[in-house]
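The values are calculated or read from the model by the stated rules, or taken from the named source; none is laboratory data. These numbers were taken from a predicted model, which means no experiment stands behind them. Reconstructed Cβ throughout: ideal geometry from the backbone, glycine too, with neighbour counts over all protein chains shown.
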Amino acid sequence: MDITPKLDGGVLKEILVHGNGTDKPHKGCRAFVHYTGSLSDGTVFDKTNEVPFQFTIGKDMTIKGFDLAVSSMACDEKSTFRCHPDYGYGLDGFEQIIPPNTWLTFEIHLLKWTWEDISRRKDKSITRQILEYGVDHATPSSVSLVNIHLEKEENGNVIEERDIEFRLGEGKDFGICPGIEIALTKFKKKEKSRLFIYGKHTFLEYGNDDFKEVYVIKLNFFEK
């Protein structure tokens with residue numbers, strides 16, 4: 001199975017053990033994996049032992065093919081991936097370990113991941129699950145006019161749904177909690193994401209940091 005966005009055959013996947021559920025990690029998520037990397041002749045050049053390898057997807061912490069591989073996996077899935085040099089170490093290879101212009105094979109077990117932390121203090125008080133990627137690269141400023149579709153979830157059920165247009169910084173007047181306003185400065189136009197908002201970023205100014213609210217937000221458009 002070709003998992004490259006352009007379907008150019010650069011990363012080929014074979015599932016060994018199916019994972020749980022359909023959710024998959026995306027750019028910004030922290031992934032925890034065990035893996036074995038080998039050359040075309042079967043020589044193992046790298047592997048994890050007892051301690052899993054953890055990294056943030058999309059932050060250039062691994063080769064491009066490894067990023068694509070893990071972002072295609074469900075939790076507890078085991079799969080093998082063959083990566084073209086363009087998705088590995090290219091024409092130069094890597095030191096004395098990876099020869100130039102070499103296909104690589106990885107067997108990967110995705111143990112778990114955490115959703116992308118978009119809180120200002122990186123304390124996991126606001127995390128994001130991207131459901132539909134946005135377009136363009138621009139994001140709202142802290143005073144942008146935004147138009148959103150909002151769904152509030154409780155125990156997997158939608159308990160509130162509405163369309164709202166407001167200026168960031170004035171959300172409280174429209175019943176928008178602070179965490180949504182912070183999160184929207186990370187959204188691209190047309191993005192749809194599920195937000196997990198904790199404690200101080202809900203309407204609880206003081207109280208239990210474990211208190212959580214869940215929203216699905218789509219940013220229809222915004223004006224800088």
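Among residues belonging to region 88-117 that are under 25 Å from residue 22 (Cα atoms) and of a type in the set (Ser, Thr, Tyr), point out the one that is modelled with the highest pLDDT.
Step by step, filter region 88-117, then rank; the result is 105.
Of 76, 86, which residue is charged (D, E, K, R) and within 23 Å of residue 129 (Cβ to Cβ)? Walk me through it before giving the result.
Details: 86 fails: within 23 Å of residue 129 (Cβ to Cβ).
It is 76.
Take the conditions part of a strand (DSSP E or B), at pLDDT 95 or above and exposed (fewer than 12 other Cβ atoms within 10 Å of the Cβ) and apply them to residue 161. Does it pass? Before you say what the answer is, go through the steps one by one.
Working: part of a strand (DSSP E or B): yes; at pLDDT 95 or above: yes; exposed (fewer than 12 other Cβ atoms within 10 Å of the Cβ): yes.
When the stated conditions are applied, residue 161 passes them.
Based on what the data block shows, is residue 212 basic (Lys, Arg), under 16 Å from residue 115 (Cα atoms) and over 16 Å from the mean Cα position of the chain (by Cα)?
Working: basic (Lys, Arg): yes; under 16 Å from residue 115 (Cα atoms): yes; over 16 Å from the mean Cα position of the chain (by Cα): yes.
Against the criterion (basic (Lys, Arg), under 16 Å from residue 115 (Cα atoms) and over 16 Å from the mean Cα position of the chain (by Cα)), residue 212 qualifies.
Restricting attention to region 178-224, report how many residues are at pLDDT 95 or above, farther than 18 Å from residue 136 by Cα and among the hydrophobic types (A, V, I, L, M, F, W, C).
Residues flagged as at pLDDT 95 or above, farther than 18 Å from residue 136 by Cα and among the hydrophobic types (A, V, I, L, M, F, W, C) within region 178-224 amount to 7.
Considering only residues that are crowded, with 18+ Cβ neighbours inside 10 Å and in contact with a Cys (Cβ under 9 Å, 6 or more places away or on another chain), which ones fall in region 166-223?
171, 197, 201, 202, 213, 215
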